[in-house]
Amino acid sequence: MSHKAVAIKPADDPAFQLPASLAGLSLPMIIGGIVALVGGAFFSNSAIGGRFGMSSYLVAYMYCLTLAIGSLFFVLIQHLTRAGWSVVVRRVAELMMIMVIPLALLFIPIAVSAYTGSLYVWSVEGYQADHGIPSAIWKQKELWLNPNWFVVRSLIYLTVWCGIAAWYYRGSQRQDETGEITITEKLQARSGPAVIAFSFCTSFAAFDWVMSLAPMWFSTMFGVYIFTGSILSAHCAICLFSFLLQRAGAMRDEVTVEHYHDLGKLIFGFICFWGYISFSQYMLIWYANIPEETHWFYTRSTDGWFNVSVLLMVLHWGLPFAGTMSRHVRRRPWLITCWAAYILVLHLVDLYWIIMPEAGMGLGGATGIIATLVCVVGMVALMLGLMLKLAAGTRVVAVRDPRLGESLAFENF
């Protein structure tokens, strides 16, 4: 790291404010997002029926949630490791992580579906008898998979995420006003327990909200799989939003090639980690060849899902692995940003591949895919609109963080 002296701009410098061109998009995105989300869910449910409509909603929800909790983990890790390089991009992650609060409200339809059976088959009366599941095994499953306990657990996960995100966001905002170093010290001191609580909630939420779509299937690696996609997509979103903010005129001098280089290294690293976890989960289940474990992957090798499985291996791992490996790519902001946007699209395909086979409608056809995309675009637009609304009332850089000078002077070796 370089020790060169870098001048720090005043806290009220326009470079730290959300550009007016972006601030003006807030309300249209919120309204358009709500309309698209409701319309997409309704169209999906009415045009295809079954569990497809709620499954489309779950895809949209998990896409936005993984970005939010991945950003939350990013913030926690920066404090846990006392990182200085990331200060100038950390506020972007903070704005994304706080979206877990409105997402907690958007969980209500999923909670209701636990009672109606419109999403989770384990809540449908007669499911056990219809599928010939032994009563003794099903009674054990019901101890965990029942609507009331499902909702209570979900409230715990959301409360923990929202509590951690709100506490770290308020602390960062308060430091912008006071410049107190003790605030950073408190944030760092709480980061260890916060990471532990985050890890438990993320793993169990993945089990409850996604893995239980196939109630007889189980994988101890599934929570890590969802986490890996979350942190990978969060790094991509941080890179993309930082680049867009710079293009709009904010923090032009603060975020440099060096920061994009580090974000690129993290994107490359988590591409490798995603590939490792994906292969490891498949390999362990494949060579054990236990029927109650293999049916999940068998479903994803039929009805057109096999093609999606192959495409994920090539396009979600192989192509970005080769594309982000080079130092020259990572040191070109526009190029690494293009890769970040590309990976965010493939993250959506990955979630579609995880969730939609359990709806029992195959790929859903053009109608189903379009309806799901409308849901996703609607929820993403809603979250972006809320982010811009929040960003307009704050600064896009943590202007009084004690390590801001270190971040501005950061250089890769």
**Report entry** Accessible solvent surface per residue of region 21-400, calculated while the other protein chains remain in place, 1.4 angstrom probe, Å²
**Finding:** 41
Query raised in the report: aspartates and glutamates within cross-link reach of LYS141: Cα-Cα under 13 Å, excluding same-chain residues under 8 positions apart?
Result: ASP208
Query raised in the report: Expressed as a whole number of Å, what is the distance separating the alpha-carbon centroids of region 51-98 and region 129-146?
Result: 35
Report summary line: Phi-derived 3J(HN,Hα) across region 84-97 with the Karplus relation (6.51, -1.76, 1.60, θ = phi - 60°), rounded Hz, x for Gly and Pro, is x, 4, 8, 4, 6, 10, 5, 5, 4, 5, 5, 5, 6, 5
Requested in this report: Please list the non-local residues whose amide H lies under 5 Å from the amide H of THR324, H modeled 1.01 Å from N, same-chain partners needing a gap of 5 or more.
Outcome: none
Query - FRET E, pair ARG82, PHE297, Förster distance 35 Å, beta-carbon r, rounded to 0.05 - result: 0.25
Report task. Taking only Cα atoms and a 10 Å spring cutoff, compute GNM fluctuations for the chain and point out the largest among ALA136, ALA114, ALA381. Result -> ALA136
Query - Length released on extending from THR220 to PHE204, taking residue separation times 0.36 nm less the Cα-Cα span - result: 4.7 nm
Query raised in the report: Picking from VAL92, HIS131, GLN78, whose Cα lies most toward the positive end of the charge dipole for region 35-141 (charges on Cβ: Lys, Arg +1; Asp, Glu -1)?
Result: GLN78
Report task. Select from PRO134, PRO402, PRO102 the residue whose mean-square fluctuation is largest in a Gaussian network model of the chain (Cα-Cα springs shorter than 10 Å). Result -> PRO134
Query - Sites MET325 and PHE413, calculated FRET efficiency, Cβ-Cβ separation with R0 30 Å, nearest 0.05 - result: 0.95
Requested in this report: Please give the contour-minus-distance gain from ILE133 to VAL195: 0.36 nm per residue of separation, less the Cα-Cα distance, rounded to one decimal in nm.
Outcome: 18.5 nm
Query raised in the report: What's the carbon and sulfur percent of region 182-319's accessible surface, probe 1.4 angstrom, rounded to a whole number?
Result: 70
Report summary line: Diffusion coefficient in µm²/s returned for the chain by Stokes-Einstein, Kirkwood Rh over C-alpha pairs, 25 °C and 0.890 mPa s, is 110
Query raised in the report: Under a straight-distance cross-link criterion of Cα-Cα below 14 Å, which aspartates and glutamates are reachable from LYS139, leaving out those fewer than 8 residues away in the same chain?
Result: GLU125
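The values are calculated or read from the model by the stated rules, or taken from the named source; none is laboratory data. None of these values were measured; they are calculated from a predicted model. Neighbour counts run over all protein chains shown; Cβ positions are idealised from the backbone, glycine included. To get the accessible areas, we keep the full protein, side chains included, count just its heavy atoms, and leave off ligands, DNA and RNA. Shrake-Rupley method; radii C 1.70, N 1.55, O 1.52, S 1.80 Å.
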